[in-house]
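Below is one structure; the comments refer to it alone.
Taken together, the values in this text are just the output of simple stated rules run on the coordinates, not laboratory data. All values reported here derive from a predicted model rather than from experimental measurement. No Cβ is skipped: glycine too gets one built from the backbone with ideal geometry, and neighbour counts run over all protein chains shown.
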């Protein structure tokens, strides 16, 4: 079944994109939850007109996203303090909230914690790690940070 997404869905597509999914997934989850509508010819025309009107706005959004990615490239040597034992094991774990707070305090850059994705498993030991910050659709910025003992 072809559907039109009403919002960005990870692993499926972006808003106003026409995607093909299984009938049960569309009828039992996406449509009742309000995430999608059926791609009828009239709905396709409405979406096409909305995309034409939004096309020129997209260029400005891309320029803004590129500027944000450039500002994220300034994040070098990010240090996150955590309480740890003598053998380097952290009490608890480091999460995206702590990364966002560290970026704000050390570099004065606001980052939404929901846009940060930590690469690998949970951070439970002291060391160097990497994270990806999603800026816009396919535009992402990779940062590296060190977890140190307090």
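Placing a pseudo-label 7 Å from each Cα along the Cα-to-Cβ vector at residue 63 and residue 134 gives an inter-label distance of 2.6 nm. With neighbours defined as other Cβ atoms within 10 Å of a residue's Cβ, the residues 22, 124 order from fewest to most as 22, 124.
Calculated mean residue ellipticity at 222 nm for the chain: -10000 deg cm²/dmol, from DSSP H runs with n ≥ 4 weighted as -39500 (n - 2.57), summed, divided by the residue count and rounded to 500.
Springs join every pair of Cα atoms under 10 Å in this Gaussian network model of the chain, and among 94, 21, 135 the largest mean-square fluctuation is at 21. Of the residues 13, 120, 24, the one that moves most in a GNM of the chain with alpha-carbon contacts below 10 Å is 24. Here the average projected area of the convex hull drawn through the C-alpha atoms of region 71-149 stands at 5.0 nm². GNM on the chain, alpha-carbon springs under 10 angstrom: the most fluctuating residue among 79, 137, 44 is 44.
Residues 128, 134, 73, arranged from fewest to most other Cβ atoms within 10 angstrom of their Cβ, appear as 128, 73, 134. Each principal axis of the chain carries a Cα extent, and these read 64, 36, 17 Å when sorted largest first.
As a proxy for reagent exposure, ranking 93, 42, 141 by other Cβ atoms within 10 Å from fewest up yields 42, 93, 141. Here region 71-149 carries DSSP beta bridges of which approximately 75% are antiparallel, counting only pairs with both residues inside. Once the Cα-Cα distance is subtracted from the 0.36 nm per residue extended length, the residue 109 to residue 11 segment shows a gain of 32.5 nm. Semi-axes of the equivalent ellipsoid for region 2-60, computed as √(5λ) from the eigenvalues of its C-alpha gyration tensor and ordered from largest down, come to 22, 13, 8 Å. Axis angle, to the nearest 10 degrees, between helix 41-72 and the longest C-alpha principal axis of the chain: 20 degrees. When each of the peptides 49-55, 107-113 is scored by the mean number of other C-beta atoms lying within 10 Å of its residues, the order from highest to lowest reads 107-113, 49-55.
Take the alpha-carbon centre of region 94-150, take the same for region 62-93, and report the distance between them in whole Å. Taking the Cα centre of each part, region 94-150 and region 62-93 sit 4 Å apart.
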